[in-house]
Amino acid sequence: MVAKIEKILEIEEGDWDDFCGFRIKTNKQIIELSISSGQCCCENYGYFMTNDKTSDFIGAKILDVQIVDESLNQKKMDDIIKMYEGGTMFVNIITNKGVLQFTAY
């Protein structure tokens, strides 16, 4: 059975243990794209955003999830931490309705 997107929620700062990002609920699982927004000293944290209209993807079948760096190279999960330090990361949710793209800055 293919996962279908049922709901996409934006996680606002303070909603869930000082994390910001998005929660994608499917009929099989919840996919969470989030960044800690907690501050211990003077560090700056990033954020997730999308320019896509998320409501267009409700009911879409998820075909693949890709982590892509700013040079459009796909990365394995083990490489995410190394890739993200100080850069931009894209998470592409490949669906039968097109690509739903989230960007982490």
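Table for the structure above
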read-out: First in the range 60-75 and over 16 Å from L100 (Cα atoms), second anywhere and modelled with pLDDT of 85 or more and of a type outside the set (A, V, I, L, M, F, W, C), Cβ under 9 Å, 6 or more apart; value: K75/Q66
read-out: Among the residues listed as E12, E85, E43, E70, the single one being of a type in the set (D, E), open to solvent by 50 Å² or more (accessible area, probe 1.4 Å), modelled with pLDDT of 65 or more and at negative phi; value: E12
read-out: Unmet criterion (only one of (1) at pLDDT below 65; (2) open to solvent by 60 Å² or more (accessible area, probe 1.4 Å); (3) charged (D, E, K, R)) for D79; value: (2)
read-out: In the range 15-40, residue modelled with the lowest pLDDT [restricted to those that are hydrophobic (A, V, I, L, M, F, W, C) and exposed (fewer than 13 other Cβ atoms within 10 Å of the Cβ)]; value: C40
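The values are calculated or read from the model by the stated rules, or taken from the named source; none is laboratory data. Model, not experiment: these values are computed from the prediction. Note: ideal-geometry Cβ built from the backbone for every residue, glycine included; neighbour counts use all protein chains shown. Ligands, DNA and RNA are stripped out before the accessible areas are found, and what is left, the full protein with its side chains, is counted by its heavy atoms. Shrake-Rupley method; radii C 1.70, N 1.55, O 1.52, S 1.80 Å.
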